[in-house]
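Below: one structure, written as structure tokens.
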Amino acid sequence: MDDLTKRGNHILSVRAGVALLVPAFVFIGLFLFFPFIWVFLISFTNRTLLGAAAQDPEFVGLGNYLRLFDFSRWMRSGEFGHSLYLTVIFVIGSLIGQVTLGLAIAFAFNRRRGKLREIIYTLVTLAWILPETAIGFTWTAFLDGRRGTLNAILGAFGIEGVEWLLEFPLLSITVFNIWRGTAFSMLLFSAALGNIRPSYLETADVAGAGPWQRFRDIMFPLISPQFVTALVLVTLWTFNVFTPFLLTGGGPAFGSDIIAIHTYRVAFQFFEFGRGSAIAVIVMTINLILAASYLFGLKRKEVAT
Amino acid sequence: MRKCVAVLSVLLLLAPVTALFAAGAGEAAEPEDARLNIIIRGVEDGVNHNMVVWILEDVIPAFEERMAEQGRDVRVGLIQFGGSDEALEQQYALDMSVGEGSDIMAFDGFWIPDFVEAGYIEPLDQIAGNAVWDWGGWDVIPEGLREIMGFDGEIYGLGSGTDVRKIYYRTDLFEEAGISLPWQPESWEDVLQTARELQRAGVPSPLQINAGTAMGEATTMQGYFMVLLGAGEHMYDFENNMWYGETQAIHDALEVYRQIYVEEELGNRSIQLAAAGRDQSFEAFREGEIAMLVEGDWFWRSVVAPGSEWEPAAGRDNVVDWAKMPAQQPGAGFNGQDFVSISGGTGFIINPNTSHPELAWELLAFMHDYDMQMAFQDIQPRITVREDIPVQGDPVMSSMAEELLQYSTVRPQLPEYAQISVAAQRMTERVVNEEMTPQEAMEAYAEDLDEIVGSDRVIRE
């Protein structure tokens, strides 16, 4: 900015620039920074929504945090450790599913046109952009044990149905999340693959490379930046996703109590704002680490290129 | 140019603020004298349909007419809430914590202590003045039943009714299994034995006693309390103000849960774990998949009532009967009783945030006057808190009240109860789900109690 001003070829003055930025800063401060500080402060109190601690919350120091990391009850259902454990499985499962499937679709339709591609791309993208509540209801109807579509289809093949959301809650929400989010990886990878110069691949063909060698030695190294992007962003989103609540409500018996749902239940179902805030602070810290690693990765790439 | 930009950004910044003021100004200019809103958990043709009908067709027209006679233009609206009791409580808490909410709110009595301590609700006479004590209805509501909507010596609302709990059973399935009617078990073993016979006769889940967190308070009241009282103990020691944490009775109660859902699979455990489990249990009872279901009288009055969504095809009055819940052994129940029951209470409160406190009280009192309460009895007979209103028009409802009120006890009206109730639900869930043995689940529950009320108020035998 200063350099530009000195050279005199600026469009706006510094003052005008600052004036234009002020609204943004005010909004960020008001709606992001202030709530963050607020949540951080509440996490050191026993504040609740109901009961005496709603009116006169007391300062409890690190009490909420120590309680979260009380390892004697850490892995019991409905506790923080249990939730974290479920979240890790959910994130890894979703990540592998979304990235592999997205890459496979992008690869299969690379440099191809036609109806099939359009249909698949449209469907996958649709799954990504439809409203969550509508999707939640559809999936509940799909997986319902008694009258669900999936069991009806299985029944037509003589396979006995299962109470999916009760017997396999974590698997159900993982499959749901893969279905929901594959579009991102697919679009990202198909753009990346489309940008590879045809001459590279032609050269490889001339050199006698098979499809796998072509993928491993030419395509994958060229799309690896996008690969890292997908890994980090999908992890970040999946870590925070709340939509599975519409399918299972975190149950049965806390069987799908992933961290976003856990935070919600502690704060808004059991009305423990203090402990809920402590969980939120930990979740935010994990998010910051993930986001920082992503930004750090981007920086390094910029330097490299 | 620069100035323009600066002015523009300031305007942009202020736009939402000015919009706020504009909206506020608009609200102040209401045409009618006053508008009141009532909120209930109930939807036309859905849950609590009868109460919706009562308010829309009896209460509102009559009240508006009475106001018109006095020359006042008062409009009353009804907000129909279709979610669960737990969701409604959450909505109330969030609304009231920011000073909002409807003027008159349907309230479950056991929510009151928590809301009082949070400072969200106030005693009736503080909201509407001492005039509330001039109401004639007080003379026919016994002291004890005023407490349904009370806490710590103050009265926060008017109770509408109370209830009792028992075992509902399907007479058609009993006949098919060759069990003689009418059926009245004398011990837990009798109940289990009947369940086994029904199971052999092909009923998939003969006996359903609520467990788990998904059903919320329905687990504590219809499930855990009914079993625990049968084992001879309450959750709370009223004399010493302590909570039972690790006792033989709790262990026995959990052991019978394990027997029903794990060992013998007499009940359908997935219903107890599913998010919409309670509705599923109603449906399974309707479909004849459940033969015995422990429920409150709301189940009879509303859930399987003639014409309702869950009524069995052959009709409630033809295939549904009820039996008293027995103690573990005769005489081994709470207070040495042979049979047990527990009562809750519901009613309406006035939201202290109302802009028309006196008018809200007039409406609340009007709803609980003799005429309006009788109008509700015509739609749905129930146990009301008024002595001058009998349970009439439904002999089954009358006999349930007559036989069970003598055995019935109540929850402690304490602010810690709600949290402890959830801990108890979780304890039953851990047993039903096989996460823990009864012993381990009970120890974990006692630890929860330590955390909620302090270990000096937890009884360990």
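The values are calculated or read from the model by the stated rules, or taken from the named source; none is laboratory data. Quantities reported herein were computed from a predicted structural model and do not represent experimental measurements. Note that each Cβ is placed from the backbone with ideal geometry, even for glycine, and that neighbours are counted across all protein chains shown. Quick note on the areas: whole protein, heavy atoms, side chains included, nothing else; ligands and nucleic acids left out. Shrake-Rupley method; radii C 1.70, N 1.55, O 1.52, S 1.80 Å.
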Fill in the blank from the handout: Those helices (runs of 4 or more DSSP H) completely within the range B:350-461 that have 2 or more residues that are of a type outside the set (A, V, I, L, M, F, W, C) and in contact with a helix residue (DSSP H, G or I) (Cβ under 6 Å, 6 or more places away or on another chain) are B:357-367, B:417-432, B:438-453
Exercise for the section: Return a yes/no flag: does the range A:238-247 have any residue that is open to solvent by less than 30 Å² (accessible area, probe 1.4 Å), free of Cβ contacts under 8 Å to residues at least 60 places away in the same chain and either within 30 Å of A:D56 (Cβ to Cβ) or more than 14 Å from chain B (Cβ to nearest Cβ) (or both). Expected result: no
Handout entry: Residue, nearest to the other protein chains (Cβ to nearest Cβ), within the range B:190-209, restricted to residues that are part of a helix (DSSP H, G or I) and open to solvent by 30 Å² or more (accessible area, probe 1.4 Å)
Key = B:Q199
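Taking the options A:E272, A:E202, name whichever one is more than 16 Å from the chain's Cα centre (by Cα) and open to solvent by less than 60 Å² (accessible area, probe 1.4 Å).
Only one candidate qualifies: A:E272.
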Practice task
Filter the range A:14-28 down to residues that are in contact with a Ser or Thr (Cβ under 8 Å, 6 or more places away or on another chain) and open to solvent by less than 70 Å² (accessible area, probe 1.4 Å), then give me how many there are.
Solution key: 4
Problem - Enumeration of residues in the range A:141-161 that are open to solvent by less than 40 Å² (accessible area, probe 1.4 Å) and β-branched (V, I, T) - result: none
Practice task
Identify the residue in the range A:81-99 that is open to solvent by less than 40 Å² (accessible area, probe 1.4 Å) and hydrophobic (A, V, I, L, M, F, W, C) and, among all such residues, is nearest to the other protein chains (Cβ to nearest Cβ).
Solution key: A:L86
Exercise for the section: Any chance you could count how many residues in the range B:117-169 are of a type in the set (K, R) and either modelled with pLDDT of 90 or more or open to solvent by less than 30 Å² (accessible area, probe 1.4 Å) (or both)? Expected result: 2
Handout entry: Qualifying residue in the range B:39-59 (condition: at pLDDT 95 or above, open to solvent by less than 30 Å² (accessible area, probe 1.4 Å), in contact with a Ser or Thr (Cβ under 8 Å, 6 or more places away or on another chain) and not polar (S, T, N, Q))
Key = yes
Problem - In the range B:210-219, residue farthest from the other protein chains (Cβ to nearest Cβ) [restricted to those that are in contact with an Asp or Glu (Cβ under 7 Å, 6 or more places away or on another chain) and open to solvent by 10 Å² or more (accessible area, probe 1.4 Å)] - result: B:E217
Exercise for the section: Output the number of residues of the range B:407-421 satisfying the condition of being within 14 Å of another protein chain (Cβ to nearest Cβ) and open to solvent by 20 Å² or more (accessible area, probe 1.4 Å). Expected result: 6
Completion exercise
Among the residues of the range B:384-393, the number that are under 19 Å from B:P306 (Cβ atoms) and touching a residue at least 60 places away in the same chain (Cβ under 8 Å) is 0
Exercise for the section: Quick one: in the range A:70-80, of everything that is over 27 Å from the mean Cα position of the chain (by Cα) and within 11 Å of chain B (Cβ to nearest Cβ), which residue is surrounded by the fewest Cβ atoms within 10 Å (Cβ to Cβ)? Expected result: A:S72
Handout entry: Any chance A:F227 is without any contact (Cβ under 8 Å) to a residue 12 or more places away in the chain and in a helix (DSSP H, G or I)
Key = no
Completion exercise
Going through the range B:438-461 in order, the residues found to be touching a residue at least 12 places away in the same chain (Cβ under 8 Å) and open to solvent by 60 Å² or more (accessible area, probe 1.4 Å) are B:Q439, B:E443, B:R457, B:R460, B:E461
Practice task
Check A:R67 against each of (1) in contact with a Gly (Cβ under 6 Å, 6 or more places away or on another chain); (2) within 14 Å of chain B (Cβ to nearest Cβ) and name the one condition it does not meet.
Solution key: (1)
Exercise for the section: Could you name every one of the helices (runs of 4 or more DSSP H) located completely within the range A:54-163 that has at least 3 residues being within 25 Å of A:S190 (Cβ to Cβ) and in contact (Cβ under 8 Å) with a residue 60 or more places away in the chain? Expected result: A:80-108, A:115-129
Exercise for the section: Among the residues of the range A:165-182, count how many are modelled with pLDDT of 90 or more and surrounded by fewer than 21 Cβ atoms within 10 Å (Cβ to Cβ). Expected result: 5
Exercise for the section: Search the range A:248-270 for residues being within 12 Å of chain B (Cβ to nearest Cβ), assigned to a helix (DSSP H, G or I) and polar (S, T, N, Q), and hand back the single one that is nearest to A:V39 (Cα to Cα). Expected result: A:Q269
Practice task
Kindly indicate whether A:T48 is more than 14 Å from every other protein chain (Cβ to nearest Cβ), touching a Phe, Trp or Tyr at 6+ places or on another chain (Cβ under 7 Å) and hydroxyl-bearing (S, T, Y).
Solution key: no
